[in-house]
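The values are calculated or read from the model by the stated rules, or taken from the named source; none is laboratory data. Note that the coordinates shown come from a computational prediction; the quantities given were computed from them, not determined experimentally. Cβ: placed from backbone, ideal geometry, glycine included. Neighbour counts: every protein chain shown. What goes into the accessible areas is simple: the full protein's heavy atoms, side chains included, and nothing from ligands, DNA or RNA. Shrake-Rupley method; radii C 1.70, N 1.55, O 1.52, S 1.80 Å.
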Amino acid sequence: MNEFYLQWHITNQCRNKCKHCYQSSHKGEFTTLKQADLVLRSIAECEKELEAEPYIVLTGGDPTENPDFLEILKRSLNIS
C-alpha cells in the first residue's frame, strides 16, 4: 500500500518561544473537534482514493496546548 504524510497544525499556541521556531505568532485559535472531524473525513476520502495509508503528525505551536488534543489524537488514530 502507498503512504502519504500529513503535518497538521492544530494550534499556533505555544509557551516555549524557541529561538529556532519559524512561527511568527505563538498565539492563536485551536482546531475544534468539529473542524477536526471535517479534516479527518477528508483524509479518509484521500486514503481511499489514493489507496494510501495516511501518517498524521499533530503539530503547531505546541499541539498539547489544544484542549482537545487527546480527543483529536484518538480520532486521528481511527480514521481508516
(request) Using only C-alpha atoms and all pairs of different ones, pull out the Kirkwood radius for the chain in Å with one decimal. (result) 13.4
(message) If you fit an axis through the alpha-carbon atoms of helix 33-50 and take the longest principal axis of the Cα set of the chain, what angle between them do you get, 0 to 90°, nearest 10?
(response) 40
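State the antiparallel share, in %, of DSSP beta bridges confined to the chain, rounding to the nearest 5.
Numbers: 1 of 9 bridges.
Close to 10 percent.
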(request) Over the chain, with every protein chain in place, what whole percent of the accessible area is carbon and sulfur at 1.4 Å, could you tell me? (result) 51
(request) Find the Cα radius of gyration of region 19-66, compare it with 2.2 N^0.38 Å by division, and give the number to two decimals. (result) 1.44
(request) Excluding residues fewer than 8 places away in the same chain, name every one of the lysines whose C-alpha is closer than 28 Å to that of Lys34. (result) Lys48, Lys74
(request) Considering only protein heavy atoms, with the full assembly of protein chains and a 1.4 angstrom probe, order Leu58, Leu50 by accessible area, largest first. (result) Leu50, Leu58
(request) Give, rounded to the nearest 20 debye, the magnitude of the charge dipole that the chain has about its Cα centre when Lys and Arg contribute +1 at Cβ and Asp and Glu contribute -1 at Cβ. (result) 480
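State in Å² the accessible area per residue of the chain; use a 1.4 Å probe, count heavy atoms of protein chains only, and round to the nearest integer.
For the chain, the per-residue accessible area is 73 Å².
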(request) Normalising by the residue count of the chain, find the relative contact order in percent from Cα pairs under 8 Å and 6+ residues apart. (result) 47
(request) Write out the cysteines belonging to the chain for which the nearest other cysteine Cβ is not under 4.7 Å, or none if no such cysteine exists. (result) Cys14, Cys46
